[in-house]
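Note sheet for the following structure.
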Amino acid sequence: MRVRYIAFDSYGVKSSCIRVETRDVTIVVDPGIASERSSFPLPREERRALRQRYEVEIRHACSDADVIVITHYHYDHHIPDQRLYKGKRLLIKDPEHSINRSQRWRAGRLLEGLEADVEVADGEVFTYGSTEIRFSKPYWHGVEGSKLGYVIMISIDDGERRLLHTSDIDGPVLREVADEIIEVNPDILIIDGPPTYLLGFIFAYYNLARSIVNLCHIIEESRAETIVLDHHLVRDYRFPELLHPVYRKARELDRRVCTAAELRGLRPMVLEAYRRYGPTRWRDWSRLNEADVLRILEEAVEKGLIEDEWIRRLEEVLDEDRMG
């Protein structure tokens with residue numbers, strides 16, 4: 001299995017596009033792209049230039065692919081250009097079920113009259129020689145009841161290695177998503193970290209805490225040799241401090257947790273841009289430690305926002321001395 005990380009937020013664009021080549025089939029997952037928003041510490045012209053550069057890369061990656069996968073219909077996960085998909089095998093998130101109104105409309109625009117071999121992938125398995133492509137059921141795009149709709153995760157197994165691309169599970173926040181990731185037990189895990197750039201707006205601190213708990217469980221209980229933590233997470237230059245317990249857990253267990261950029265020997269663009277241009281929205285913050293995670297979860301339990309099982313789950317994976 002050969003994996004190419006085509007475009008990611010750690011490169012400075014909104015995307016999580018990969019190309020996977022096995023002896024049987026070449027697959028591109030989520031060929032979409034968008035410019036980073038104004039909180040990203042790069043000037044607008046540089047953000048636009050990066051978007052143009054990596055759109056070329058995505059289109060080139062799709063040009064000779066056998067299969068293209070669309071896990072949902074946000075534009076950073078598919079380019080709405082029918083020419084890109086002409087003559088391809090297209091495995092897609094169900095455009096009619098477990099989908100919100102805006103994504104149903106986008107799917108309809110993409111698929112109407114599309115000259116491609118299109119098949120709904122939710123919960124399905126597709127086989128190409130010794131390569132198995134397996135899709136999850138639809139999961140929330142983030143938290144329970146999210147207005148952003150649903151996504152599907154994809155695993156690719158060539159008989160020697162297994163890769164899992166989670167799409168936009170935003171954390172993961174939900175325990176059932178973390179449990180499925182552990183059950184799939186991939187060698188390579190490409191996971192969408194929590195959208196910390198939305199903290200205090202549409203992403204609550206207790207959901208960040210739940211994400212930290214779930215990520216620590218995944219690191220501890222799966223065999224993943226490489227965990228690529230990227231996409232929403234690295235739109236925020238605070239991410240190494242806000243996910244400090246996750247990176248500490250990885251170091252303790254000698255597991256590799258990194259961004260797609262770091263796999264290529266590069267510094268995540270959000271950190272490099274912060275070094276060059278300074279802060280945007282966030283000018284003062286502190287490291288989130290295990291005791292902070294516990295306090296956030298306890299407050300959410302007291303308010304009836306989550307069940308107290310989250311306290312037990314935290315205790316299972318984190319050092320009680322660090323939790324105060």
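Taken over the stretch 301-324, the criterion of being closer than 18 Å to residue 242 by Cα and crowded, with 17+ Cβ neighbours inside 10 Å is satisfied by 314, 317, 318, 323.
Mind listing just one residue for me: the one in the stretch 46-74 that is of a type in the set (Gly, Ala, Ser) and surrounded by fewer than 19 Cβ atoms within 10 Å (Cβ to Cβ) and, of those, nearest to residue 136 (Cα to Cα)?
First, pick out the residues of the stretch 46-74 that are of a type in the set (Gly, Ala, Ser): 49, 61, 63, 65.
Imposing the further condition that a residue be surrounded by fewer than 19 Cβ atoms within 10 Å (Cβ to Cβ) reduces the set to 49, 63.
Values: 49: 35, 63: 26 Å.
Of everything passing the filter in the stretch 46-74, 63 is nearest to residue 136 (Cα to Cα).
Residues of the stretch 1-34 that are in a strand (DSSP E or B), in contact (Cβ under 8 Å) with a residue 60 or more places away in the chain, under 19 Å from residue 134 (Cβ atoms) and not polar (S, T, N, Q): 3, 18, 20, 27, 29. Restricting attention to the stretch 178-195 and to residues that are surrounded by fewer than 24 Cβ atoms within 10 Å (Cβ to Cβ) and among the hydrophobic types (A, V, I, L, M, F, W, C), the residue that is farthest from residue 241 (Cα to Cα) turns out to be 184.
Annotation: residue 68 fulfils all but one of (1) at pLDDT below 95; (2) part of a strand (DSSP E or B); the unmet one is (1). Taking the conditions (1) closer than 22 Å to residue 191 by Cβ; (2) buried (at least 22 other Cβ atoms within 10 Å of the Cβ) in turn, residue 141 satisfies each one other than (2). Residues that are farther than 28 Å from residue 2 by Cβ, surrounded by 18 or more Cβ atoms within 10 Å (Cβ to Cβ) and of a type in the set (A, V, I, L, M, F, W, C) do occur in the stretch 33-45. The set of residues from the stretch 196-228 being within 15 Å of the chain's Cα centre (by Cα), within 17 Å of residue 257 (Cα to Cα) and surrounded by 18 or more Cβ atoms within 10 Å (Cβ to Cβ) comprises 211, 212, 214, 215, 218, 227, 228.
Going by the conditions given, is residue 58 among the hydrophobic types (A, V, I, L, M, F, W, C), within 18 Å of the chain's Cα centre (by Cα) and outside any helix (DSSP H, G or I)? No.
For the stretch 154-176, give me each residue that is surrounded by fewer than 23 Cβ atoms within 10 Å (Cβ to Cβ) and among the β-branched types (Val, Ile, Thr).
Passing the criteria: none in range.
For the stretch 75-89, the criterion of being closer than 29 Å to residue 147 by Cα, without any contact (Cβ under 8 Å) to a residue 60 or more places away in the chain, surrounded by fewer than 18 Cβ atoms within 10 Å (Cβ to Cβ) and touching an Asp or Glu at 6+ places or on another chain (Cβ under 8 Å) is met by at least one residue.
Restricting the stretch 123-153 to residues that are of a type in the set (D, E, K, R) and not in a strand (DSSP E or B) leaves a set whose member that is nearest to residue 23 (Cα to Cα) is 124.
The values are calculated or read from the model by the stated rules, or taken from the named source; none is laboratory data. Predicted, not measured: the structure shown is a model, and the values here were computed from it. FYI the Cβ positions are ideal-geometry reconstructions off the backbone, even for glycines, and counts take in every protein chain you see.
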